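Step one of this worksheet: look at the structure below.
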Amino acid sequence: MLTIISHKDLQTIIQLSGNAIRDFLSQADSSQFKGEAKIAIESFQSNPLDFSDEKLVSYGADIIAAIDHPVRIEVRGATKEGAGQMVAKGIWGPKRVQAATEITQKCTKLELGMHLKLAGTSSIEFNVDGVDKSLPIRFLQGAFEDVLNEMNYQPGNCIDSRRSKTVIAADGDGTIYDGPRVGSLPTLAESPVKDALCAYLQAGGIFMLVSGNDIYRTFKRLVDALPGQVYCRVLVAANGGAELVYVNSKGQAVPVSGYRKQALDLAHDKSHQHVLDIVYLGDDGSKEGNDYPAFNAVGKKHSVLVSSLQDTKKFMESFLSIRMNSGG
């Protein structure tokens, strides 16, 4: 089973989402909102033609410029089979839960096999059933040696992850770097986590970023801040878990072989799973949150809930110190 949303299903959920966004914007009272929500509501009510499905998709098409459009539909990870993920942004407040519930019911009735998640303050993420932040973790547990070989993993000065199975997996926004704002997309380069993460990678540990965001936007926000010698120890999973790439020697994203076609099957095959020394760091501990499936995949003892970037920094420094003192 593919991790990809088919073209046919994609067109249906774009239409359902566009209708939900327009329904919200047409009925919302702008005086009850502020910031980008207030601006979006007023914009729609003065010129609703700017919010057609076609225009919403066009606003989200450029991964860099998309942050300038608070109301948009992003089709992420497009392939010849479909897309890795679709995200509808532009419904704020309690109405978002109601809209997601109604769209879920329609998807079920149409037998689309979609899983919807809330993200940020106004987004609804769409993935194929079974695709979430636990998927890349379970895939790595089932294909660890193959993935290390493909990414050309090389041990560092203190850690040989082939032997120790050492992996840190983490959420992006609010955990590794600050979350995005209109007109601003913070990166690892600006984060207090950078030095601690680089030290861990230089020691030889494997790091896997697991994000609900666009794969190439996420990749750039992380990898551009890393020294080239640690590329062989970095994985990036994004589009809600639908995509997994490694970093080649030129700093480019390369899809892990077989992930799109095999991840969903391998994740449930317990016959040859590796026991990894893996932890997951995230900033959302709620059962409804995006991080919960990943916390569940690594288990309670290996789940680290952080409330700030400083918490992540301190954990990574402590984790590395323990591994160095234990010989990797």
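The values are calculated or read from the model by the stated rules, or taken from the named source; none is laboratory data. Keep in mind it's a predicted model, so treat the numbers as computed, not measured. Reconstructed Cβ throughout: ideal geometry from the backbone, glycine too, with neighbour counts over all protein chains shown. These accessible areas exclude ligands, DNA and RNA; they are computed on the full protein's heavy atoms, side chains included. Shrake-Rupley method; radii C 1.70, N 1.55, O 1.52, S 1.80 Å.
Full-extension gain between Lys95 and Ser321, please, as 0.36 nm times their residue separation minus the C-alpha to C-alpha distance.
Between Lys95 and Ser321, full extension yields 76.7 nm more.
Report the one residue of Ala199, Val236, Thr166 whose Cα lies farthest in the direction of the positive end of the charge dipole of the range 161-257 (charges on C-beta: Lys and Arg +1, Asp and Glu -1; origin at the Cα centre).
Toward the positive end, the furthest listed residue is Thr166.
Would you tell me the accessible area of Ser26, worked out with a 1.4 angstrom probe on the heavy atoms of the protein chains, in Å² to the nearest 10?
60
What does the accessible area per residue of the chain come to in Å², with a 1.4 Å probe and no ligands, DNA or RNA counted?
On the way: 14420 Å² over 328 residues.
Using a 1.4 Å probe on heavy atoms only, each residue of the chain averages 44 Å².
Would you work out what percent of the accessible area of the chain, with all protein chains in place, is carbon or sulfur (probe 1.4 Å)?
Numbers: 7240 of 14420 Å².
The computed percentage sits at 50.
What percent of all Cα-Cα pairs in the range 188-301 falls in each 5 Å bin, counting up from 0?
Per 5 Å bin, starting at 0, the Cα pair percentages come out as 2, 10, 19, 23, 23, 15, 7, 1, 0.
Let me test this: with uniform point scatterers at the alpha carbons of the chain, what is the Debye-based log₁₀ I(q)/I(0) at q = 0.08, 0.09, 0.12, 0.15 1/Å?
At q = 0.08, 0.09, 0.12, 0.15 Å⁻¹ the computed log10 ratios are -0.36, -0.46, -0.81, -1.21.
Report the charge-dipole magnitude of the range 59-130 in Debye, nearest 20, computed about the Cα centre from +1 at each Lys and Arg Cβ and -1 at each Asp and Glu Cβ.
So the magnitude is around 180 debye.
May I ask for the distance between the Cα centers of the range 186-217 and the range 9-42, given as a whole number of Å?
Distance between centres, Cα-based: 33 Å.
Quote the Stokes-Einstein diffusion coefficient, in whole µm² s⁻¹, for the range 29-179, based on the Kirkwood radius over alpha carbon pairs, a temperature of 20 °C and a viscosity of 1.002 mPa s.
D = 116 µm²/s.
Normalised radius of gyration for the range 239-328, please: alpha carbon Rg relative to 2.2 N^0.38 Å, two decimal places.
Scaled against compact globular proteins, the figure is 1.28.
Return the calculated 222 nm mean residue ellipticity for the chain, to the nearest 500 deg cm²/dmol, obtained by summing -39500 (n - 2.57) across DSSP H runs with n ≥ 4 and dividing by the residue count.
On the way: 12 runs with 126 residues, N = 328.
Calculated from helices alone, the mean residue ellipticity at 222 nm is -11500 deg cm²/dmol.
For the range 113-171, with equal point scatterers placed on the C-alpha atoms only and solvent neglected, what are the log10 I(q)/I(0) values from the Debye formula at q = 0.15 1/Å, to two decimals?
Here log10 of I(q) over I(0) equals -0.63.
If you take the beta carbon distance between Asp160 and Lys80 as r and set R0 to 45 Å, what does 1/(1 + (r/R0)^6) give as a FRET efficiency, to the nearest 0.05?
So the FRET efficiency works out to roughly 0.70.
Leaving out ligands, DNA and RNA but keeping every protein chain, what accessible area does Asp50 have, in Å² rounded to the nearest 10, with a 1.4 Å probe?
Spelled out: Asp50, probe radius 1.4 Å, area about 50 Å².
Round to the nearest 10 and report in Å² the accessible area of Thr101, as given by a 1.4 Å probe over the protein chains' heavy atoms.
Thr101 exposes around 70 Å² with every protein chain in place.
In nm, to one decimal, how far is the modelled label at Gln11 from the one at Lys250, with both set 7 Å along Cα→Cβ?
3.6
Quick one: if the Förster radius is 25 Å, what FRET efficiency do Asp62 and Ala189 give, using the C-beta to C-beta distance and rounding to 0.05?
Given R0 = 25 Å and the Cβ-Cβ separation, E is 0.75.
Over 28 Å between Cα atoms, which of Lys80/Lys106; Lys117/Lys165; Lys220/Lys261 qualify?
Pairs exceeding the cut-off: Lys117/Lys165.
In the neighborhood of Cys158, defined by Cβ-to-Cβ distances under 13 Å, what is the net charge if each Lys or Arg adds +1 and each Asp or Glu adds -1?
Values: positive: Arg163, Arg233, Arg323; negative: Asp160.
Residues near Cys158 contribute +2 overall.
Residues with amide H under 5 Å of Ala28's amide H, sequence separation 5 or more or different chain, H placed in the peptide plane at 1.01 Å from N; which?
none
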